[in-house]
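Read through the structure below, which is laid out as structure tokens, and then see the notes.
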Amino acid sequence: MLLIHCPYCEDDRSELEFRWAGEAHIARPEAISEISDEEFAEYFFLRNNEKGLTYERWRHIHGCGRFFNAARDTVSDRFLMTYKAGLPKQPVPVADKMAATAEEKTVETWEATEGDAR
Amino acid sequence: MSASENSGGFRIKGAGRHTPARTARFTFDGKSYTALEGDTVASALLAHGVHLVGRSFKYHRPRGILTSGPEEPNALLDVSRDAARRQPNVRATVQEVFDGAKIASQNRWPSLTFDVGGFNDVLSPFFAAGFYYKTFMWPREAWHRLYEPIIRRAAGLGEAPKEVDPDHYASRFAHCDVLIAGAGVAGLTAALSAASTGANVFLVDEQPEVGGALHYDAATTIDGQNGYDWAQSAAARLKAMPNVTLLTRTTVFGYYNHGFIGLAERVTDHMARPGRDLPRERLWQVRTKKVVIATGSIERHMVFANNDRPGIMLASAARSFLNHHGVAVGRNVGVYTAHDSAYEAAFDLKRAGVSIAAIVDCRADPGAAVLEEARALGIDVLTGHSVTDTAGRLRIKSMTVVRNGGSDTRKIKVDALLMSAGWTPSVHLFSQSRGKLRFDDSNQRFLPDIYAQNCVSVGGCNGTDDIAELIEEASAAGGGSVSVTAANRFEWTGGMIGAAEGAGPDTAVKAFVDFQHDVTAKDIRLAVREGMHSIEHIKRFTTNGMASDQGKLSNMHGLAIAAEMLGRPIPQVGLTTFRAPYTPVTYGTLVAHSRDDLFDPARKTPMHALQAAAGAEFEDVGNWKRAWYFPKRGEDMHAAVNRECRTVREIGGVFDASTLGKIEVVGPDAAQFLNLLYTNAWDTLKPGKSRYGIMTREDGFIYDDGVVGRLAEDRFHVTTTTGGAPRVLHHMEDYLQTEFPHLKVWLTSTTEQWAVIAVQGPKAREIIAPLVEGLDISNEAFPHMSVSECSVMGVPARLFRMSFTGELGFEVNVPADYGPAVWTAIRDRAEALGACLYGTETMHVLRAEKGYIIVGQDTDGTVTPEDAGLSWAVSKKKTDFVGIRGLQRPDLVRGGRKQLVGLKTKDPRDVLEEGAQIVADPNQPKPMTMLGHVTSSYWSENCGRSIAMALVAGGKARMGETLYVPMADRTIAVEVSDMVFFDKEGGRING
Ligand SMILES: [Zn+2]
């Protein structure tokens, strides 16, 4: 179970209190009714689903109720930082980023172990 | 007979740590035995000379007790207090004896000494590795009749109790600075060190007492004391510290993300008469800043022919039975080893008066110190020799010994054989924490290498063999410092992995690698020969390491044998990943309080009890219990619903609508916010009026619906579907917080604040009028879709004039606590006037008669407002709302989309099945072209016929067309119609 820092409550709380809310930094287009089909598809349907460093939204649904952003490494499940909704995408501190990349190489994942068997 | 004789003829006077006078009686397979308090089932049985305790999984071979700890693969027993308190597959080496325990062997029929399944051993060529995949491939029919029943009866391990578990289980959360797994020398030292810094420390050990390896290792002295005694005094010191929590009989079974640790504490399994208030087991969910893994190492067996007879066990286990339990595992004991540690077992037994037949050491050069001691004690040591076979059907009688590379064999009589191939570091928790292992080539073992979490491994599990180094390492890991001095008698060397002499690739002997799953060295080689080159494939093909012991003894041997066959170094063959739980955890522990009423708690409305008293049948809607229908004496559901439907339209009915989701939307920008969230226009809605609203997602599909009343310029009372309330609020919050944060709006869930009583039918006004105060509810003053605050029976209320039946209707909202009183008054008036209570089934029929949709039943997440015939609810004037762009997508505006229509069966008595598929031509070849499906279907007493709603491709252009619903036994012809089956003019609603 993950331990997540809520930037509003300024506290580390258990994953039980949170709900994941999809990829972060996807802004609803200003004049949405005027965008093209391709732009709509990009906005609504397409997601990066990246391995490694990813920016995502969480909601402290059983706490303060606020949505916020998080930078998480999907391989190590380490949260590199969390920050309030509305702030621009935050650069990940360099040291943490290196630690995250190092882990990506060394941590045993399903792909790295069982995946080899295929 | 003295107490010690009572407790078994193999007790050694003066040995062990139990008190001879404290006895406990138990039965094993119906026979009564006496044990000493503190005995495990294993030590108690061995004290009476009982080695044979079970039959193996596949071959039904007689098996004994192999270990003295949680890694035990053989001695799995059925332990019970009574019929309901019975647990199968309990490890005899873990379960403590309690007075009155009833213990039984498993996997044998008709008896342990004569077992029919033993023929599997003779038939073993058919049960070789991969037999699941090969032997039973043909013929198909034989699976059901022959193979499966046989496999199920013969292969099942243990039998689950059929009664409900009468015990209760507890669950706790905890937080700490340092959690230490394992309370041996390393764990205790780390705990003393950590505790000295003032840190909040959890020290956890799976055994009843601390000490770890000191249970068997009687030769280590610490701070001038016997090691075990030092451990107990260290534990006493720790227990006295307020910042230390010491848990014994508690297994660290899982190491999860971010320092989250699962512990299973066995609270009462060792007690003869546990108090009713005690939970049987307790689940601890601990979040810790740091973990110190001090889990030690596990001894490996030797892999040689017939290494599985009762009486053959690990050397350390025999030491543990002697030094801790005071039990000799035989009278004439042999040792077969590749490691110095087994010598100490022989020394201890010899000193206790047991004869040692011989120490057979496959190495040419064992450690000099142990050799010298053996000589001094007069023990025969055969170096450079191997045990290549054993004899004895239900208990080992002899071992066959041969000089390595030689051919002359000799049999040596033994009644027990102790073995050691060396020690495997317990890296399970480290591996669970996602740490990366490295292979220590010189010692043939995997050790922690790269850490993924804030943890540190110390002692045996870190490959630290020297006790002084171990203490230094553990003290540092604790973060403080502690001074402990310790000394071993002997330094240990040696160890091997893989098959021993006489069990190599050129042999066909049964040399067991995995005892619990009956996997032999030959099986692993076969897997390689059949093309399995990855350890993951070999594991699945042979099932090596896949039993409940997770290969604690077998993994390294299996890996070495595979590597040898593949001609590749071990690290390249790889190690399978360790998973939680470390040892099996009962469902009871994991479930804890979440059972019975607390498993999935029911939500009940304030009027639940009143409706139950009125005879309601309830249905589950999400977690809600909703009154379904109210049968009168002699009525079935059909009759009750028909009566309720008729009565509501003729006179009136009262319905509990409290489960509808309710959200209070407040603030100067509330109307603007709703404009963005719903397809409708809300700024045009005047205070005191309400409107049916549709919510779409960005993709244009219907997400939810409900009536929204405007109480004031800045206050809306929003209702949602019963199941949709949480997600609708989440959806609203998402937009409010992240897309429209400039709007001044507050959202509050009020679902449970209001009791909602719907009163519907021609006499609805007459029913409620005398109870309503401060509001003129005449049709002129309070027409359809009005809303107002008023008071009902003196209670502040919100009154809606609205209808989900097509009749004149009101919904009375009062604070939840007043619900029962107001319900009672309304019900009494209603019944006096001839109206009735009605439930959700009648509500469904009545709304279908009017063609009102239910989101989630008539829509499925791919239906637009246009498809549902609700385009009138989509504002054409707004420049933005959630879904405005999605609705313009090419696929949503094309012709021929599935649209919601009515269906009338040609035979009015036919009631369609919901979900049935619809076709244009029932005679077309299969697979038929499906046009859509029935979404709602009922018998309508008011229409005197069946009615249905359906999603049909191009449905609105098919009015009057005949379509077909093919069923298993016949085809039903239907006519496409509009969805309003009753009161097409809609006059009744304005009554
Ligand atoms: Zn928060």
(Q) Leaving out ligands, DNA and RNA, and with a 1.4 Å probe, what % of the accessible surface on the range B:161-283 is carbon or sulfur? (A) 53
Q) Given H placed 1.01 Å from N in the peptide plane, which residues other than close sequence neighbours of B:A416 have an amide H under 5 Å from its amide H? A) B:N332, B:G334
**Q.** Using θ = phi - 60° and Karplus 6.51 cos²θ - 1.76 cosθ + 1.60, couplings along the range B:808-823 (whole Hz; Gly, Pro as x)
**A.** 3, x, 10, 10, 9, 9, 10, x, 3, 5, 8, x, x, 5, 5, 4
Q.
Keeping every protein chain present and rolling a 1.4 Å probe, give me the accessible area per residue for the protein assembly as shown in Å².
A. 41
Q: Find how many whole Å separate the alpha carbon centroid of the range B:879-951 from the alpha carbon centroid of the range B:97-114.
A: 62
**Q.** Chain-alone versus full-assembly comparison, the range B:666-715, residues with accessible loss of at least 50 Å² (1.4 Å probe)
**A.** B:E698
Q: For B:K397, list the lysines whose Cα falls under 20 Å from its own Cα; do not include residues on the same chain fewer than 8 positions away.
A: B:K350, B:K411, B:K413, B:K510
Q) If one takes the accessible area of chain B alone plus chain A alone and subtracts that of the pair, with a 1.4 Å probe, what total in Å², rounded to the nearest 100, results? A) 3200
Q. In the range A:8-52, what GluC sites (Glu not before Pro) fall in a loop by DSSP, with at most 11 other Cβ atoms inside 10 Å?
A. A:E10, A:E30, A:E50
(Q) List the residues, sorted by chain then number, that are 5 or more residues from B:V360 or on another chain and whose placed amide H is less than 5 Å from its amide H. (A) B:V335, B:Y336, B:T337, B:L382
(Q) Explain nothing, just the number: relative contact order of chain B, from Cα pairs under 8 Å at least 6 residues apart, as a whole percent. (A) 9
**Q.** Contour excess over end-to-end distance, with Cα ends at B:S171 and B:R633 and 0.36 nm allotted per residue
**A.** 161.7 nm
**Q.** Charge-dipole axis of chain B as Lys and Arg at +1 and Asp and Glu at -1 on Cβ define it, positive-most pick from B:Y216, B:G869, B:G819
**A.** B:Y216
Q: Please give the calculated 222 nm ellipticity per residue for chain B, where each DSSP H segment of at least 4 residues contributes -39500 (n - 2.57) and the sum is spread over every residue; nearest 500 deg cm²/dmol?
A: -5500 deg cm²/dmol
(Q) Let me check against my output: what whole-number percent is the relative contact order of the range B:504-553, with C-alpha pairs under 8 Å and at least 6 apart? (A) 33
Q) Toward the positive end of the charge dipole of the protein assembly as shown, about the Cα centre and with charges on Cβ (Lys, Arg +1; Asp, Glu -1), which of B:G723, B:V401, B:L322 goes farthest? A) B:V401
Q. What is the dipole size for chain B, taken about its Cα centre, with +1 at each Lys and Arg Cβ and -1 at each Asp and Glu Cβ, in debye to the nearest 20?
A. 1480
Q. If you keep only loop residues by DSSP, which trypsin sites (Lys or Arg not before Pro) in the range B:205-310 have at most 10 other Cβ atoms within 10 Å of their Cβ?
A. B:R276
**Q.** Distance from the range B:422-496 to the range B:514-590 (C-alpha centre basis), Å
**A.** 23
Q. Relative to a virtual label point 7 Å from the Cα of A:K89 in the Cα→beta-carbon direction, which members of the range B:728-755 show backbone nitrogen distances below 11 Å?
A. none
Q: For the range B:438-450, just list the computed ³J(HN,Hα) in residue order, Karplus coefficients 6.51, -1.76 and 1.60, θ = phi - 60°, integers in Hz, with x standing in for Gly and Pro.
A: 10, 9, 8, 5, 5, 10, 6, 8, 8, 10, x, 10, 10
Q. Which whole-angstrom value gives the distance between the alpha carbon centres of the range A:1-36 and the range B:198-258?
A. 43
Q.
Show me the trypsin sites (Lys or Arg not before Pro) within the range B:153-234 that DSSP assigns to loop and that have at most 16 other Cβ atoms within 10 Å of their Cβ.
A. B:K162
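The values are calculated or read from the model by the stated rules, or taken from the named source; none is laboratory data. A quick note: this is a predicted structure, and the numbers were derived from the prediction, not measured. As a convention, Cβ positions derive from the backbone with ideal geometry for all residues, glycine included, and neighbour counts pool all protein chains shown. Accessible surface areas use protein heavy atoms only, side chains included; no ligands, DNA or RNA. Shrake-Rupley method; radii C 1.70, N 1.55, O 1.52, S 1.80 Å.
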